[in-house]
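*Asks:* Would you mind keeping the following structure in view while I ask a few things?
The values are calculated or read from the model by the stated rules, or taken from the named source; none is laboratory data. What you see is a predicted model; the values in this text were computed from it and never measured. Counting neighbours? That spans all protein chains shown, and the Cβs are built from the backbone with ideal geometry, glycine included.
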């Protein structure tokens with residue numbers, strides 16, 4: 001497992017535990033993780049990275065993640 005997937009797993013597990021302990025619904029968890037991504041991106045804004053670059057990166061990330069999960073779902077059926 002590569003380091004990126006390990007980080008994804010760690011963040012996902014922490015979010016699931018927190019949500020379970022605090023009665024947070026899945027939709028709210030997804031919104032919170034999206035906010036974390038955007039806030040983290042702006043916090044690291046360096047080397048004249050503009051808002052459009054951050055937006056494009058977020059859209060690309062979500063698109064790749066959706067494609068991956070649709071593939072996983074199709075394989076499971």
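*Asks:* Could you tell me whether the range 41-48 includes any residue that is exposed (fewer than 10 other Cβ atoms within 10 Å of the Cβ) and modelled with pLDDT of 80 or more?
*Replies:* Among the residues of the range 41-48, not one is exposed (fewer than 10 other Cβ atoms within 10 Å of the Cβ) and modelled with pLDDT of 80 or more, which makes the answer no.
*Asks:* Let me ask something else. Determine whether residue 14 is under 20 Å from residue 4 (Cα atoms) and surrounded by 11 or more Cβ atoms within 10 Å (Cβ to Cβ).
*Replies:* In short, no.
*Asks:* Within the range 36-77, how many residues turn out to be under 20 Å from residue 4 (Cβ atoms) and in a helix (DSSP H, G or I)?
*Replies:* 26
*Asks:* Among the residues of the range 19-27, are any surrounded by 11 or more Cβ atoms within 10 Å (Cβ to Cβ), out of contact with any helix residue (DSSP H, G or I) (no Cβ under 8 Å at 6 or more places or on another chain), free of Cβ contacts under 8 Å to residues at least 40 places away in the same chain and assigned to a helix (DSSP H, G or I)?
*Replies:* No - not one qualifying residue is present in the range 19-27.
*Asks:* Kindly evaluate residue 57 against the criterion of being without any contact (Cβ under 8 Å) to a residue 60 or more places away in the chain and exposed (fewer than 12 other Cβ atoms within 10 Å of the Cβ).
*Replies:* Against the criterion (without any contact (Cβ under 8 Å) to a residue 60 or more places away in the chain and exposed (fewer than 12 other Cβ atoms within 10 Å of the Cβ)), residue 57 does not qualify.
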